Amino acid sequence: MLSILQAAGWPIIPLLLCSVVALALIIERALSLRTARVAPPRLVDEVISVTRANLPSTDTITKLSENSTLGNVLAHGLQAATDPRPSEEHLRGALEAAGRQAMYQLERNLNALGTIAAAAPLLGLLGTVIGMIEIFGASGAGPSGSGGNPQELAHGISIALYNTAFGLIVAIPSLIAYRHFRGRVDGFALQMELAADRLVSHLIRLNAPRR
């Protein structure tokens with residue numbers, strides 16, 4: 001591996017840094033975007049069941065907010081419902097604000113991963129161009145522009161090929177991971193939107209006798 005890195009030359013250093021950062025981002029997003037941590041399947045049903053008779057206590061709402069990302073969104077809706085005579089607009093506004101904050105947390109680091117996926121092939125291309133420059137420089141180094149140094153030719157070819165390959169090696173997994181995590185975030189966003197609609201309808205019915 002060390003010999004490959006030496007043969008690839010200095011242009012591979014940015015690609016190495018991108019690979020390390022991409023791996024760290026993929027691990028972080030894989031842990032953060034777990035279903036149990038973002039949107040547990042039965043959470044909405046449990047919240048509606050608990051609040052069927054009346055609103056929960058402040059301690060229960062606090063525990064719900066710490067349960068998951070969806071739990072935090074629902075907790076904001078329940079907190080808004082504790083206000084005297086809460087309107088549907090007020091409840092939806094509280095849930096939408098919490099939803100925007102939740103989406104910001106879910107999308108965190110995704111742009112960086114997408115940037116690496118897009119930039120890695122360009123960095124590989126940069127290394128390829130530098131290798132080609134060295135090849136042409138070595139080709140014209142001899143008398144009358146011919147001859148050249150075989151070692152310099154081989155070095156230029158290795159820079160070109162290794163950087164092209166390594167750029168693709170970094171870009172392809174990063175792009176796959178970015179698309180995968182983007183799909184999960186979109187799915188979680190839909191789940192939170194549907195859950196918020198269910199909670200608003202439930203809270204409106206719950207507060208109807210008070211009007």
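With an 8 Å cut-off on Cα pairs and a minimum separation of 6 or more residues, tell me the relative contact order of the stretch 29-92 in percent.
28
Starting from the residue with the highest accessible area, list Val50, Val185 in decreasing order, probe 1.4 Å.
Val50, Val185
Let me check I've understood the local charge: for Leu70, count other residues with C-beta under 15 angstrom from its C-beta, Lys and Arg +1, Asp and Glu -1. What total comes out?
Charge balance near Leu70 sits at 0.
Per-residue counts of other Cβ atoms within 10 Å, averaged by peptide: what ranking do you get for 163-175, 22-34, highest first?
163-175, 22-34
Per residue of the stretch 70-81, in order, report the coupling 6.51 cos²θ - 1.76 cosθ + 1.60 (Karplus, θ = phi - 60°) as ³J(HN,Hα) in whole Hz, putting x for Gly and Pro.
Working through the residues one at a time gives 5, x, 5, 5, 5, 5, 5, x, 5, 5, 5, 6 Hz.
The values are calculated or read from the model by the stated rules, or taken from the named source; none is laboratory data. These numbers were taken from a predicted model, which means no experiment stands behind them. Ideal geometry is used to build each Cβ from the backbone, glycine not excepted, and the neighbour counts take in all protein chains shown. These area figures cover heavy atoms from the full protein model, side chains too; ligands, DNA and RNA do not enter into them. Shrake-Rupley method; radii C 1.70, N 1.55, O 1.52, S 1.80 Å.
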